Amino acid sequence: MTFKVRIEPSGHEFTVAEKETVLDAALRHGYTLPYSCRNGSCGTCKGKLRAGEVDYGVYEDKALSAAERAAGFALFCQAVPRSDLVIEAKELAAVAGIAIKTLPARVVKMEKAADDVMILSLKLPANQRLQFLAGQYVDILLKDNQRRSFSLANPPHADEFLELHVRQVPNGLFTGHVFTQMKEKDLLRLRGPLGIFFLREESDRPAIFVAGGTGFAPIKGILEHAFARGIRRPLHLYWGVRAQRDLYMDTLPRTWVRAHAHFKYTPVLSEPRPEERWDGRTGWVHDAVIADYPDLSGYEVYASGPPPMIEAVKKTFFARGLTPDRLFFDSFELAHHS
């Protein structure tokens, strides 16, 4: 049994197959609604039900509160229609026309950038190309319909190889395989591009980038794209990690500082090791941002990293004048990066 969904205010309509979520059906028909984690954790896909009924699926309370649900909101990455629907959601035109594909990819290079970070370079078949926006991610498809999501660290103009930054997660299904069994020339299957974490190029506001750990990966792609495009608005990267050794590509943003007068870089360590003799910024990365920018009302913020960092960014930055429509984030939900 299929149901019909109409998106307001665009008026676009599409059909949803049995047991298919609203988001999956929209993407299948080429309509990109806001989304990120796709597992009911981050709340990016939250939208209003104007008419109809859904099975709300499984989600975390932080993503959809009881009050929001009572007010007519649902998470479209989880909601499965029980009737025809009318929903209210903003479509993203920038992603329109970019096909989501399932492709094989060969591991051509494995570079251990830190004790717990592996940089994978993947090559697609010679007759295939993945069109994507800098900052988007791909799913690595595993057995039993499992998937693990990883951001593309390379920009679209440098797509000879797809670059993934894989952090080893304790007892991680996929990351454990990467660090103990994977070899160069192995084959993977991936699906993408996915996500809406990309630079809003129509804006001329100064942009602050907040990376936590391997959250540097999509921001690296976005910044390299911005430099290649000649974007001149002020750009400031804060990279938060535990210790200096976790700044696994520290020399790269330092070269950007020398090459681009409108770019700044601030690494922040939460637990510097005594032997590192660190004399830079310490503490939580979001606190470093608001120390430098106590009024965020004129800025855009792009944040990528673990869920606690994203939650802290929301709480503290909104209190300093940042509006929700100027925060773009990619929450590295552990279930998808293990």
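Quick check: Cα centre of the range 250-305 to Cα centre of the range 110-147, how many Å?
Distance between centres, Cα-based: 27 Å.
Testing the spin-label approximation: label points 7 Å from Cα along Cα→Cβ at Ala71 and His262. State their distance in nm.
Here the modelled spin labels are 3.6 nm apart.
Can you count the Lys pairs in the range 101-194 whose Cα atoms are under 13 Å apart, with each pair 8 or more apart or on different chains? Working shown, then result.
Numbers: Lys109/Lys123; Lys109/Lys183; Lys109/Lys185; Lys112/Lys183; Lys123/Lys185.
Lysine pairs, 8 or more places apart or on different chains, close enough: 5.
Tell me, in nm to one decimal, what length is gained between Glu88 and Asp55 on full extension, where the rule is 0.36 nm per residue of separation less the Cα-Cα distance? Working shown, then result.
On the way: separation 33, 0.36 × 33 = 11.88 nm, distance 1.70 nm.
The span from Glu88 to Asp55 would gain 10.2 nm if fully extended.
Write out the trypsin sites (Lys or Arg not before Pro) in the range 114-171 meeting two conditions: DSSP loop, and at most 13 other Cβ atoms within 10 Å of their Cβ. Walk me through the numbers before you get to the answer.
Working: sites: Lys123, Arg129, Lys143, Arg147, Arg148, Arg167; in loops: Arg129.
Passing both the DSSP loop test and the Cβ count: Arg129.
Would you mind ranking Phe332, Phe227 so that the residue whose beta carbon has the fewest other beta carbons within 10 Å leads the list?
The order, fewest Cβ neighbours first, is Phe227, Phe332.
What number in nm² do you get for the range 207-337 if you take the convex hull of its Cα atoms and divide its surface by four?
The directionally averaged projection comes out at 8.1 nm².
Okay, helix-only estimate at 222 nm for the chain: each DSSP H run of n ≥ 4 adds -39500 (n - 2.57), divide by all residues, round to 500 deg cm²/dmol; what do you get? Could the numbers behind the result be given before it?
Details: 8 runs with 67 residues, N = 338.
For the chain, the value works out to -5500 deg cm²/dmol.
Which FRET efficiency value, to the nearest 0.05, is calculated for Thr282 and Phe318 with the Förster distance at 22 angstrom and r the Cβ-Cβ distance? The partial results should precede the final answer.
Values: r = 24 Å, r/R0 = 1.10.
Working from the Cβ atoms, E equals 0.35.
Report the FRET efficiency, 1/(1 + (r/R0)^6), for His29 and Met1, where r is their Cβ-Cβ distance and R0 is 25 Å, rounded to 0.05.
Plugging the Cβ-Cβ distance into 1/(1 + (r/R0)^6) gives 0.90.
Collect residues whose amide H, placed 1.01 Å from N in the peptide plane, falls under 5 Å from the amide H of Glu53; neighbours closer than 5 in sequence don't count.
Arg82, Ser83
As an exercise, identify the trypsin sites (Lys or Arg not before Pro) in the range 198-278 lying in DSSP coil whose Cβ has no more than 10 other Cβ atoms within 10 Å.
Values: sites: Arg200, Lys220, Arg229, Arg232, Arg242, Arg245, Arg254, Arg258, Lys264, Arg277; in loops: Arg200, Arg232, Arg242, Arg277.
Those that pass, being in a loop and sparsely packed, are Arg277.
Among Trp278, Trp284, rank each residue by its count of other Cβ atoms within 10 Å, from fewest to most, as a rough exposure measure. The partial results should precede the final answer.
On the way: Trp278 14, Trp284 17.
Taking fewest neighbouring Cβ atoms as first place, the list is Trp278, Trp284.
Explain nothing, just the number: dipole magnitude of the range 207-337 about its Cα centre with +1 on each Lys and Arg Cβ and -1 on each Asp and Glu Cβ, in debye rounded to the nearest 20. If you can, show how the numbers build up before the last one.
Values: 16 positive and 15 negative charges, 81 e Å.
With Lys and Arg at +1 and Asp and Glu at -1, about 380 debye.
Subtracting the Cα-Cα distance from 0.36 nm times the residue separation, let me have the gained length for Leu141 to His177 in nm, one decimal.
Details: separation 36, 0.36 × 36 = 12.96 nm, distance 1.34 nm.
Extra length from Leu141 to His177 when fully extended: 11.6 nm.
Taken together, the values in this text are just the output of simple stated rules run on the coordinates, not laboratory data. Since this is a predicted model, take the numbers as computed values, not measurements. Glycine also receives a Cβ, built like all others from the backbone with ideal geometry; neighbour counts cover every protein chain displayed.
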